[in-house]
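Asks: Before anything else, here's the structure in question.
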Amino acid sequence: MNIIEIGGLTKKFGDFAAVDNMSLTLKEGEIFGFLGANGAGKSTTISMIASLLRPTKGEIKFLGKNIAKNAHFAKMNIGMVPQDLAIYEDMSAYENVRFFAGLYGFRGGELKARVEEALSFVGLGDKQKELPKNFSGGMKRRLNIACAIAHRPKLIIMDEPTVGIDPHSRNYILQSVKELNRMGCTILYTSHYMEEVEEICTRIAIVDHGKIIADGTKEQLKAIITDSKEIWIDVKSVEGLNQEQLKEIRGVLSVRIEEQRIKIQSRAEIGNLNDIVQQLIRDGMEIRAVEEQAPNLETVFLTLTGRNLRD
Amino acid sequence: MKTILWLMAHTLRNTFRKRSNIILFLLPVAGVMLSAGLYGQTGGTGLSIGIVQQDGADAVGRDVAAFVGALDGVKLTDTSDADLRDRIAAGKLDAGIVIPPGFGESLKAGKPMQLELLSVKGAQVTAYVQAMLDGYLNNVASIAAQAKGDEARFEQIYGEYTKGSFKVSREQLTDASNVKDTTYQSLGFLVAFMMFSAVNMSEMILREKENRTFLRLLSSPVTAKSYVAANVAVNVVAMVFQTALTLCFMRYVLDIDSGVPIMQLAFSLVLFGIGAIALSLLIVSLSKSRGQSSALQNLIITPTCLLAGCYFPMEIMPDAIRKIGAFLPQHWLLDTVNRLQQGDSFGSLYMNLLILAAFAAAFAAIAIFRFSRNNDTRTFV
């Protein structure tokens with residue numbers, strides 16, 4: 001069953017269309033990745049699903065019901081993990097979760113049980129009485145999640161839930177997302193980290209300029225760009241590299257530098273590796289390794305949008 | 001309703017969790033105490049007068065001191081000339097009288113010597129004693145004039161006078177002006193603090209926005225309207241409690257009788273308080289951050305309170321400024337209290353109360369207009 005159905009969704013701010021005639025469906029039980037650079041329209045779409053923003057045009061249905069007409073029903077069944085921490089620093093972890101869970105009508109023993117369950121789930125069961133201001137960034141992020149899941153929502157919207165945290169906390173959160181999904185929650189997940197989306201999402205949509213330009217499983221997305229390949233060349237130092245000369249080589253689509261690694265996207269059918277290597281030698285590069293990569297999500301994103309996810 | 005009550009409990013807990021907010025809430029009581037100290041006397045109204053008797057040998061001279069001591073509300077203390085000024089300066093005595101040597105004789109001769117009444121508190125303290133003393137000395141001087149230097153005749157008439165053969169009837173009127181001033185200024189402070197408290201409470205909306213919890217609240221079954229309604233409800237509860245606390249403190253701790261039935265006073269204050277809450281919402285609706293709302297509250301509340309006579313009596317202000325005061329809600333509240341003290345009936349002041357209600361309605365209407373213009377629930381306020 002579709003948990004979310006979006007049809008012809010548009011949101012304009014003045015003349016600017018942040019979301020432009022978007023259509024999309026989310027099926028129950030999915031972990032749906034929403035990929036897009038800053039300003040692509042992800043947050044605006046999420047805000048409309050969470051009833052925080054009214055669409056200019058179009059319709060969103062939650063479990064078959066129009067959200068605009070059934071906002072209370074939708075809100076009771078959706079949990080929102082905002083990108084920015086939305087917790088009270090001067091209230092204990094327990095009080096934070098208790099307050100937000102109370103907004104869904106829980107009281108007494110049931111409320112207590114839900115709060116304890118949510119805190120235990122995110123690994124803060126032993127930190128209930130502590131104030132978030134004494135927490136690490138990762139612990140705050142986990143509390144941010146606990147506040148959104150205590151009412152056991154059917155759909156959890158997670159907007160960049162791992163921004164700025166240590167690898168251990170990130171891993172904990174990713175495992176929690178998978179666990180929530182196993183427990184029956186549908187997840188709508190946005191992230192700047194391609195590897196996270198690749199690791200946990202069962203289906204992914206790529207958003208650009210307010211439109212969905214591709215969606216499907218990661219395998220389906222990668223299959224879109226069978227006509228390109230990525231060549232990674234590790235060098236001792238990139239000092240003296242002439243990127244413009246590299247881009248002029250036949251078949252080269254783009255050149256990116258990541259520390260001592262040169263990433264070149266090229267047409268798959270053109271054999272230009274020798275030309276590339278010779279150009280690098282002319283530029284005085286000391287080549288350490290050359291590797292040809294199969295397309296990954298990052299390549300897909302770059303090919304479809306013409307820019308990096310972190311742009 | 002259940003959600004609004006939950007939000008109200010949360011707002012109350014969060015507000016009074018901070019000590020600074022409790023202090024702000026109790027500031028009106030402190031303001032009343034300050035006002036009572038500046039403008040009035042609290043509780044007892046007795047005058048403490050020191051007397052330096054340098055004419056103790058003469059019966060008439062001794063009688064002058066006895067007369068002052070017998071005045072209502074006067075406590076007489078014998079002291080020395082050297083000690084008198086020190087005790088007045090230290091505030092231990094309200095005033096002092098020196099009866100010089102030969103004063104009795106000068107009275108008998110019909111040419112009383114000048115009596116010096118010393119005080120650092122001015123005419124408001126000495127006027128009553130001075131007037132009574134002048135009357136007494138004039139009477140004795142008149143007796144001396146009738147005796148025409150005949151000491152036996154003087155003693156006879158004076159003796160009958162002091163025995164009370166001459167009936168002097170005296171009506172004591174309550175001097176309510178001091179209490180009135182104290183009440184007026186106390187309420188002035190209360191009004192100013194009520195306005196600051198209201199903005200402080202409404203600023204919670206901006207605080208929620210700044211720490212992004214507002215966004216999470218709105219993604220729950222809470223609507224922006226019910227959130228603002230809960231904030232207003234808490235503000236009203238706090239305002240009523242603050243008013244009741246301050247009035248009870250004034251009446252039962254400081255013993256300031258405003259001369260106005262307490263329920264009428266409370267009603268007027270709560271009506272004004274609702275206007276203050278509406279104004280605080282308007283300030284919040286015009287502000288994007290707490291910094292902006294603080295600047296606005298300082299720009300609006302402090303000057304208007306000054307112009308409306310909350311901090312200083314209107315009488316000391318020029319006419320032009322008094323006229324500006326008529327456009328401020330604080331003025332209409334203070335005017336209502338003033339006229340109730342002057343004996344006007346509560347019903348006859350319906351126009352003042354309507355004006356206060358109109359201010360509240362106007363502020364609320366503009367605030368609601370400001371809120372509703374924005375259809376983005378994320379930035380509803």
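Asks: Which members of the stretch B:334-361 meet the condition of being under 27 Å from B:Val232 (Cα atoms) and of a type in the set (Phe, Trp, Tyr)?
Replies: The answer is B:Tyr350, B:Phe359.
Asks: Return the only residue of B:Leu206, B:Leu187 being assigned by TED's automatic domain parsing to the domain that holds B:Leu265 and either acidic (Asp, Glu) or under 19 Å from the mean Cα position of the chain (by Cα) (or both).
Replies: That would be B:Leu187, the only listed residue that is assigned by TED's automatic domain parsing to the domain that holds B:Leu265 and either acidic (Asp, Glu) or under 19 Å from the mean Cα position of the chain (by Cα) (or both).
Asks: The conditions are (1) within 13 Å of chain B (Cβ to nearest Cβ); (2) open to solvent by 30 Å² or more (accessible area, probe 1.4 Å); (3) among the polar types (S, T, N, Q), and A:Asn144 fails exactly one of them. Which is it?
Replies: Of everything listed in (1) within 13 Å of chain B (Cβ to nearest Cβ); (2) open to solvent by 30 Å² or more (accessible area, probe 1.4 Å); (3) among the polar types (S, T, N, Q), A:Asn144 misses just condition (2).
Asks: Taking the stretch A:245-294 only, how many residues are polar (S, T, N, Q), surrounded by 12 or more Cβ atoms within 10 Å (Cβ to Cβ) and more than 30 Å from the chain's Cα centre (by Cα)?
Replies: Qualifying residue count for the region: 3.
Asks: Condition first: buried (at least 24 other Cβ atoms within 10 Å of the Cβ) and in contact with a Ser or Thr (Cβ under 9 Å, 6 or more places away or on another chain). Now tell me which residues in the stretch B:266-278 satisfy that.
Replies: Hits for the stretch B:266-278 are B:Ser268, B:Leu269, B:Phe272, B:Gly273, B:Ala276, B:Ile277.
Asks: Next question, about the same structure. Just to verify a result, which residue in the stretch A:1-30, among those that are charged (D, E, K, R) and more than 20 Å from the chain's Cα centre (by Cα), is surrounded by the fewest Cβ atoms within 10 Å (Cβ to Cβ)?
Replies: Checked the stretch A:1-30; the qualifying residue surrounded by the fewest Cβ atoms within 10 Å (Cβ to Cβ) is A:Asp15.
Asks: Right, something else. I'd like the residue in the stretch B:220-265 that is within 14 Å of chain A (Cβ to nearest Cβ) and of a type in the set (S, T, N, Q) and, out of all such residues, is farthest from A:Pro153 (Cα to Cα).
Replies: Only one residue fits best here, namely B:Ser226.
Asks: Kindly indicate whether any position in the stretch B:207-219 is in contact with a helix residue (DSSP H, G or I) (Cβ under 6 Å, 6 or more places away or on another chain), among the charged types (D, E, K, R), in a helix (DSSP H, G or I) and within 14 Å of chain A (Cβ to nearest Cβ).
Replies: Yes, the stretch B:207-219 has at least one match.
Asks: Additional query: Report, by residue number, each residue of the stretch B:94-106 that is within 36 Å of the chain's Cα centre (by Cα) and part of a loop (DSSP other than H, G, I, E, B).
Replies: B:Asp94
Asks: Identify the residue in the stretch A:104-136 that is within 11 Å of chain B (Cβ to nearest Cβ) and touching a His at 6+ places or on another chain (Cβ under 8 Å) and, among all such residues, is modelled with the highest pLDDT.
Replies: A:Tyr104
Asks: Of all residues in the stretch B:67-77, which are more than 28 Å from the chain's Cα centre (by Cα) and surrounded by 13 or more Cβ atoms within 10 Å (Cβ to Cβ)?
Replies: Within the stretch B:67-77, B:Phe67, B:Val68, B:Gly69, B:Leu76, B:Thr77 meet the criteria.
Asks: Please verify whether A:Phe99 is over 27 Å from B:Ile205 (Cβ atoms) and open to solvent by less than 50 Å² (accessible area, probe 1.4 Å), treating the condition exactly as stated.
Replies: The answer is no for A:Phe99.
Asks: Consider A:Glu179 against the criteria (1) part of a helix (DSSP H, G or I); (2) at pLDDT below 90: it satisfies all of them except one. Which criterion is unmet?
Replies: Here A:Glu179 clears every test but (2).
Asks: Now for a separate question. Filter the stretch B:78-93 down to residues that are outside any helix (DSSP H, G or I) and either open to solvent by less than 20 Å² (accessible area, probe 1.4 Å) or over 18 Å from B:Ser119 (Cα atoms) (or both), then give me how many there are.
Replies: 1
Asks: If you scan the stretch A:58-97, which residues turn out to be within 11 Å of chain B (Cβ to nearest Cβ), free of Cβ contacts under 8 Å to residues at least 40 places away in the same chain and of a type in the set (D, E, K, R)?
Replies: A:Lys75, A:Asp84, A:Glu95
Asks: Of the residues B:Leu282, B:Leu334, B:Leu296, which single one is closer than 13 Å to B:Ala360 by Cα and open to solvent by less than 50 Å² (accessible area, probe 1.4 Å)?
Replies: B:Leu282
Asks: For the stretch B:11-32, which positions are within 14 Å of chain A (Cβ to nearest Cβ) and free of Cβ contacts under 8 Å to residues at least 12 places away in the same chain?
Replies: Answer for the stretch B:11-32, where residues must be within 14 Å of chain A (Cβ to nearest Cβ) and free of Cβ contacts under 8 Å to residues at least 12 places away in the same chain: B:Arg13, B:Phe16, B:Arg17, B:Lys18, B:Arg19, B:Ser20.
Asks: Go through the stretch B:315-331 residue by residue and tally those that are without any contact (Cβ under 8 Å) to a residue 12 or more places away in the chain and open to solvent by less than 50 Å² (accessible area, probe 1.4 Å).
Replies: Result for the stretch B:315-331: 2.
Asks: Ok, one more. Here are some conditions: (1) at positive phi; (2) open to solvent by less than 20 Å² (accessible area, probe 1.4 Å); (3) of a type outside the set (Gly, Ala, Ser). A:His209 meets all but one. Which one does it not meet?
Replies: (2)
Asks: Another question, then. Which residue out of B:Asp94, B:Asp58 is in contact with a strand residue (DSSP E or B) (Cβ under 8 Å, 6 or more places away or on another chain), touching a residue at least 40 places away in the same chain (Cβ under 8 Å) and of a type in the set (Asp, Glu)?
Replies: B:Asp94
Asks: Going through the stretch A:31-56 one residue at a time, which ones are open to solvent by 20 Å² or more (accessible area, probe 1.4 Å), away from chain B (no Cβ under 14 Å) and either under 12 Å from the mean Cα position of the chain (by Cα) or at pLDDT 95 or above (or both)?
Replies: If the condition is that a residue be open to solvent by 20 Å² or more (accessible area, probe 1.4 Å), away from chain B (no Cβ under 14 Å) and either under 12 Å from the mean Cα position of the chain (by Cα) or at pLDDT 95 or above (or both), then A:Asn38 is the only one that fits.
Asks: Take the conditions out of contact with any Cys (no Cβ under 9 Å at 6 or more places or on another chain), of a type in the set (D, E, K, R) and more than 14 Å from every other protein chain (Cβ to nearest Cβ) and apply them to A:Asp166. Does it pass?
Replies: Yes, satisfied.
Asks: Restricting to the stretch A:133-172, give me the number of residues that are assigned to a helix (DSSP H, G or I), in contact (Cβ under 8 Å) with a residue 24 or more places away in the chain and over 23 Å from A:Lys112 (Cα atoms).
Replies: 6
Asks: Then there's this: Which count do you get for residues in the stretch A:217-273 that are among the aliphatic types (A, V, I, L, M) and part of a strand (DSSP E or B)?
Replies: Final tally of qualifying residues: 9.
The values are calculated or read from the model by the stated rules, or taken from the named source; none is laboratory data. Being a predicted model, the structure only gives us computed values, none of them experimental. Cβ sites come from the backbone with ideal geometry, for glycine too, and all protein chains shown count toward neighbours. When the accessible area is computed, the model is the full protein with side chains, heavy atoms only, and any ligands, DNA or RNA have been set aside. Shrake-Rupley method; radii C 1.70, N 1.55, O 1.52, S 1.80 Å.
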